[in-house]
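Inspection log for the structure reproduced underneath, given as C-alpha cells.
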Amino acid sequence: MTTDTGVDRGYLEGLLTGQAHSTAALASPTLAWLKALRAEAVERVGVLTVPTPRDEEWRFTDISTLTRESFHPLRTPTSLRCGDIEHLHIDEAPTRLVFVDGVHAPQLSSLGADGAVVVGNLSTAVATHASAIAQHLDHHAKFRDHLFPALNTAFLHDAAVIIVPRATAVATPVHLLFIATQPDIASHPRILLVAEAGSAMTLIEDYVTLHEGAYFTNSVVEVALGANAKVEHVRVQRESGQAFHIASCAVSLAHTSRYHSVSIALGARISRLGLDVLQTAEATQCMLDGLALIGERQLADTHTFIDHAKPRGVSRQLHKAIVDGAAHAVFNGKVMVRAGAQQTDSAQSSRNLLLTAKALVDTQPQLAIFADDVKCTHGATVGQLDSDEVFYLQSRGLSETAARNLLSYAFGAEVIDRIPIASLRLRLEQTLLEQTTRQP
C-alpha cells in the first residue's frame, strides 16, 4: 500500500514506533525531542495533501506523474567501493560525506584534517552536539504546512550535520555527495549547516546518479548563519532523466552575515527547488544565482523567497533557464520588504532562452514593498537568441550554427562562472558546452 506520494505507508507508520531504521543514538532519552519531531511529522503527512496545479504555488508544476509511481525506502544497500565513485570526487574538497540511496556510507566518506569543524552523520554528531542541533533542526525549514518537508522529517534518521565554530574559516569546501544507485527508491536527504559568528565555509550539495531509472529524491536543507558569518553554497542537481527531485532549502541570516548560493539544475524528469532566505538582523547580504539547463520533456521549477525583515539588507538574484526540446522551466521569485526594513537594496533578474518552438517558460518575479526608503528592481525576459548577435558573429566568420552554439553557451556560462570551485566549474562548463552544441 502506498501514500499519495508513492511511499510505502507501512514503513511510514512504522516510524511512529521506531521499528524502521532505528539506531542506538536516536534511542537515547536525551533525544526525546527528535522522536517527538518525527512523530509529529508522521501525523502531518497523514493530514497534508499532495499539491496540484490548483494550488497557487504549484499552478505551473503538475506532479501527478509522481503520485502514480510507487517508491519504497532502501531495502538492500548497493555495495560500492571508493574506486566506483572516484570520478565524482571534487579535487578541492578533501572532506566528503557520501550518502547512497539516502543512507550514509562511511566507507565512502572522507573527513578532512580540520578537527575544529563538525562534519558527520546525525547519529554521530548528535552524541556531542545535541544542543546545537536541537536549536536549529526544523527551526528554519517548517514542515507543518508543507507535505514534502513533513515527509522528509518523518524519515529523519540519516542527515548531514556541519557545525562551523565561531571565528573559524574552513579552508577547503565540504562536499556532500548523494548518489542514486537503484530504481524505485525514495530517499530523503537532510542537511543542517550551522555557521557560527565570524565563521566562513563553502558547501557543495551534489546529487548524482549511477543509473537511468525512476526514483524519488526529497531533500531538506537548513542553513543558519551567525553574525558576520559567510557561506558559499553550491548546489548541483544531475539526477536521472526519469527521476523526481523535490527540494526545500531554508536560510537564516544574522547581523552582517553573507550568503551566496549557486544552484544548477540539469537532471530529473520533474524537479523543484524551494529556496527561502530570511533576514533576521540588519545589514545582511544575500546573492542567489541559478541555472536550469533542460531538454526533451523535463520540467524544472525554482521558487525563491527573500524576506527582508530588517533594515539595510542587500540581495541580488540572477536566475537563468536554457530550455530545449519540449521542456518547461518555471521561476517564481518573491522579494518581500517588510515595514521598517528601510534602506533595503534588492535587484532580481529572470532571463530565459528558448531553443525550440516547443520549449516553454513561466516566470514570475514579484516584489512586495512595505517600506518607503528602499531601492528595489526586478525584471524578466523570455525569448530566442538575438538575431543581431547571431548576425554579428556570422560577420566575423562563424557559421550560423556555430554562432548560435556560442551564444547559447555564453548565456549559461555567466551563472556557472560564479561557482568558486575551479574543477567543478570546469566540469559543468563542459556539460553546458555539450548540451548547447548543435550540429550543422
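The values are calculated or read from the model by the stated rules, or taken from the named source; none is laboratory data. Note that the structure is predicted; figures quoted are calculated from it, not measured. FYI the Cβ positions are ideal-geometry reconstructions off the backbone, even for glycines, and counts take in every protein chain you see. When the accessible area is computed, the model is the full protein with side chains, heavy atoms only, and any ligands, DNA or RNA have been set aside. Shrake-Rupley method; radii C 1.70, N 1.55, O 1.52, S 1.80 Å.
For the reader, a short list of remarks on this structure follows.
- Here residue 363 passes the criteria (1) assigned to a loop (DSSP other than H, G, I, E, B); (2) hydroxyl-bearing (Ser, Thr, Tyr); (3) more than 28 Å from residue 202 (Cβ to Cβ) except the one numbered (1).
- Scanning the range 341-365 for residues that are under 21 Å from the mean Cα position of the chain (by Cα) and open to solvent by less than 70 Å² (accessible area, probe 1.4 Å) yields 348, 349, 350, 352, 361, 362, 363, 364, 365.
- Count - residues of the range 218-256 that are under 23 Å from residue 198 (Cα atoms), in contact with a Pro (Cβ under 9 Å, 6 or more places away or on another chain) and of a type in the set (Val, Ile, Thr): 2
- Within the range 369-380, the set of residues being in a strand (DSSP E or B) and either open to solvent by 80 Å² or more (accessible area, probe 1.4 Å) or closer than 20 Å to residue 58 by Cβ (or both) comprises 375, 378, 380.
- Within the range 278-301, being in a strand (DSSP E or B), open to solvent by 20 Å² or more (accessible area, probe 1.4 Å) and polar (S, T, N, Q) holds for one residue alone: 285.
- For the range 120-154, the candidate set comprises residues that are among the hydroxyl-bearing types (Ser, Thr, Tyr) and free of Cβ contacts under 8 Å to residues at least 40 places away in the same chain; within that set, the residue that is farthest from residue 52 (Cα to Cα) is 128.
- Answer residue from the range 387-440, given it is basic (Lys, Arg) and either more than 21 Å from residue 323 (Cβ to Cβ) or at pLDDT below 95 (or both) and is nearest to the chain's Cα centre (by Cα) among those: 425
- Here residue 135 passes the criteria (1) open to solvent by less than 40 Å² (accessible area, probe 1.4 Å); (2) assigned to a helix (DSSP H, G or I); (3) under 21 Å from residue 203 (Cα atoms) except the one numbered (1).
- When the range 106-123 is filtered for residues that are under 25 Å from residue 83 (Cβ atoms) and either of a type in the set (Val, Ile, Thr) or under 24 Å from the mean Cα position of the chain (by Cα) (or both), the ones remaining, listed by number, are 106, 108, 109, 110, 111, 112, 119, 120, 121.
- Filtered residues of the range 384-427 (kept if of a type in the set (Phe, Trp, Tyr) and touching a residue at least 60 places away in the same chain (Cβ under 8 Å)): 411
- Residues being surrounded by 24 or more Cβ atoms within 10 Å (Cβ to Cβ) and part of a loop (DSSP other than H, G, I, E, B) - total across the range 189-222: 2
- The condition of being part of a loop (DSSP other than H, G, I, E, B) and modelled with pLDDT of 95 or more holds for only one of 116, 93, 141, that being 93.
- Options 309, 247, 254: the member that is among the aliphatic types (A, V, I, L, M), buried (at least 24 other Cβ atoms within 10 Å of the Cβ), within 20 Å of residue 224 (Cα to Cα) and in contact with a Leu (Cβ under 7 Å, 6 or more places away or on another chain): 247
- Just so you know, in the range 326-340 the residues that are surrounded by fewer than 23 Cβ atoms within 10 Å (Cβ to Cβ) and more than 17 Å from residue 290 (Cβ to Cβ) include one that is nearest to the chain's Cα centre (by Cα), and it is 336.
- Test for residue 434: is it under 30 Å from residue 87 (Cα atoms) and in a helix (DSSP H, G or I): yes
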